[in-house]
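Peer 1: After the C-alpha cells below, expect a handful of questions from me.
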Amino acid sequence: MEILDILILGSGPAALCLASELAKQNLNIKGISTKSPKEKWENTYGIWASELEELGLESLLSHRWSETVSYFGNGENKKENIPTNHNYDYGLINQEAFQNELLKKCIGIEWLNETAKDISEKNKISEVICLSGLKIKARLVIDASGHKSNFVKRPLKNDIAQQAAYGIVGKFSSPPVSEEQFVLMDFRPNHLSKKERLCSPSFLYAMDLGDETFFVEETSLASYPALSQENLKKRLLKRLNSKGIEVSEIFHEENCLFPMNLPLPYKKQFVLGFGGSASMVHPASGYMVGSLLRRAPLLAEKLATFLKKPHLSSLDLASKGWEVLWPYELIQRHKLYQYGLKRLMSFDESRLRSFFSNFFKLSTKEWVGFLTNTLPLPKLIYVMSKMFINSPLRVKLGMLNLK
C-alpha cells in the first residue's frame, strides 16, 4: 500500500492555506474531504487590509473601506451617537478569488471525496480508515477540517464560549449604514428594553457593498451558552426597525457559530491540526484568515525538513509540528487573550461599551496589532497594561473580577 508523506483532512480555508504551501515542498500529498475543495465557500471573510498587503495579496479584496467606524455610545442623544473613527482600511475577501488562488497553488494534490472514520498509528505510520472502508497510510495526518475535529486531542472544557452571528446580504428600504462605510461594532442598545439589555450583549457589524446592497450582521462577541440564531435575527430586525429600516430583498443569509476559547491541543499526539482544529481562532476577535496565511509557510517548510528524516514516526512528526505551530511565545500570548476574553464575557453592555471606547484610544499600531495577534509578547503585555491603567474604574474592577 502507498504511504503518503502527508494526508490532509478538510478542504476549507485552513486546509487550502496549508496545502498551497506544502505543495511547494515536493512531497507526496493527498487530501480527503466530504466537500470538494472547489465547492463555493459560503461565509464572508473580513480582514484588515494591511494583513493582506503585507503578504502581497491585497488584490484578493472584493471591497475595501477607508471610512471605518464603531459606535460605543448608548444611542439616546446626539452626543451618544458620535462614531469612533478608526482611520484604518478594512476589506472583504473575494471568496472565489481567494479559493481559486489557493487551489492554483495546490499543484499535484488530489482530493478524495471521503470522510475519516478512524485514525491510528501502527509501526510509526498513521492509517486512516474512511467511512467507505478505504484505508490510507501517511507518515503524517493533518486535520484541517475545523473546530469540530474528532481526531485532535485537547483538555476537556465544558464552558466553551462561542461567537455567534446572524447576517443578511440584501437590499433595504433605506441604507442601514452610510454610503461607502464599514461599521466594525455598533453597540448602541437604545432599541432594546431594559430587560433585553441584561442579556448577553451583541453588536451590529455592517458594510456598504455598493449598488444599494448592504451586509448587516448581529454579532455576539463570545458567550456561554451561545446566543441562538433566532435571538440574533430578532435583535437585528429590531435594531433595523427602530431606525425605520425594513429588509426589501435577501440575497444571502449568514449563520456563524464557532468557539473562541478552545483549549490548546496536546503537543504529544500523532495527528497535527491546523486552523480551527488547532485552536487558531483569535480569542480577542474571532479572526483567523490572517493567521492562517502568516503561519502556513513556516509550518510547511519545517514539516518538509522533518519528513526528510525517515526514522521519525507519525507521533514524532506531529509533535514537532505542534512545537512549530504553538511555540512558547504564541502560547503565552494566547493565555493573555484567553484571560481578557473571560473577563469581557462577564461585562454587561454598558461596561463593554466603556471598555471598547477606551480600547480604541490606543495608538492604531497598538490596537491593530492586538486584534491581528501580531504584537510580540513584551509589547502585548505593555499594551494590555497601558489599557488597564487608562481604563475607567468600573472597567478596572471588571478586569480584576472585583465587581
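The values are calculated or read from the model by the stated rules, or taken from the named source; none is laboratory data. Note that the structure is a prediction, hence the values are computed from the model and not measured. Cβ atoms come from the backbone with ideal geometry, glycine included; neighbour counts cover every protein chain shown.
Peer 1: Regarding N77, is this residue part of a helix (DSSP H, G or I) and either within 19 Å of the chain's Cα centre (by Cα) or more than 19 Å from D208 (Cα to Cα) (or both)?
Peer 2: Considered against the rule, which asks whether it is part of a helix (DSSP H, G or I) and either within 19 Å of the chain's Cα centre (by Cα) or more than 19 Å from D208 (Cα to Cα) (or both), N77 comes out as no.
Peer 1: Oh, and also: Going by what's in this entry, would S50 be described as within 29 Å of K361 (Cβ to Cβ), modelled with pLDDT of 95 or more, outside any loop (DSSP other than H, G, I, E, B) and small (G, A, S)?
Peer 2: Criteria met by S50.
Peer 1: For region 244-262, what are the residues that are more than 15 Å from the chain's Cα centre (by Cα) and either without any contact (Cβ under 8 Å) to a residue 12 or more places away in the chain or outside any strand (DSSP E or B) (or both)?
Peer 2: Matches in region 244-262: G244, I245, E246.
Peer 1: To continue, here is another question. Return the pair list, or none, for Cβ contacts closer than 8 Å from residues in region 215-229 that are of a type in the set (G, A, S) to residues that are surrounded by fewer than 17 Cβ atoms within 10 Å (Cβ to Cβ), at least 6 apart or on different chains.
Peer 2: Taking only residues 6 or more apart or on different chains, the pairs are A226/L257.
Peer 1: While we're on this one: Just one of the numbered conditions (1) more than 24 Å from the chain's Cα centre (by Cα); (2) over 19 Å from H334 (Cβ atoms); (3) modelled with pLDDT of 95 or more is not true of S385; which one?
Peer 2: It is condition (2) that S385 fails.
Peer 1: Hey, another quick one. Among the listed residues K320, K361, K365, identify the single one that is farther than 25 Å from V152 by Cα, modelled with pLDDT of 95 or more, in a helix (DSSP H, G or I) and not assigned by TED's automatic domain parsing to the domain that holds A226.
Peer 2: Just a single option satisfies the conditions, and that option is K365.
Peer 1: If you don't mind, another one. Of all residues in region 189-205, how many are modelled with pLDDT of 95 or more and surrounded by fewer than 23 Cβ atoms within 10 Å (Cβ to Cβ)?
Peer 2: Of the residues in region 189-205, 1 are modelled with pLDDT of 95 or more and surrounded by fewer than 23 Cβ atoms within 10 Å (Cβ to Cβ).
Peer 1: Right, something else. Taking the conditions exactly as written (free of Cβ contacts under 8 Å to residues at least 40 places away in the same chain and closer than 29 Å to A15 by Cα), does K320 satisfy them or not?
Peer 2: yes
Peer 1: Right, next: Residues that are in the same structural domain as G10 (by TED's automatic domain parsing), among the acidic types (D, E) and within 25 Å of S11 (Cβ to Cβ): find the strands (runs of 3 or more DSSP E) completely inside region 106-187 holding 1 or more of those.
Peer 2: In region 106-187, 110-113, 116-122, 125-130, 135-143 are the strands (runs of 3 or more DSSP E) which contain 1 or more residues that are in the same structural domain as G10 (by TED's automatic domain parsing), among the acidic types (D, E) and within 25 Å of S11 (Cβ to Cβ).
Peer 1: Restricting to region 375-390, name every residue that is surrounded by 19 or more Cβ atoms within 10 Å (Cβ to Cβ) and in a loop (DSSP other than H, G, I, E, B).
Peer 2: Selection gives L375 alone.
Peer 1: Please go through region 255-274 and pick out each residue that is under 13 Å from I331 (Cα atoms) and of a type in the set (K, R).
Peer 2: K267
Peer 1: Further question: Which one of the conditions (1) buried (at least 16 other Cβ atoms within 10 Å of the Cβ); (2) under 30 Å from L380 (Cβ atoms) does F270 fail to meet, given that it meets all the rest?
Peer 2: (2)
Peer 1: With the requirement that a residue be part of a helix (DSSP H, G or I) and of a type in the set (D, E), what does region 217-243 give you?
Peer 2: Hit for region 217-243 is E230, nothing else.
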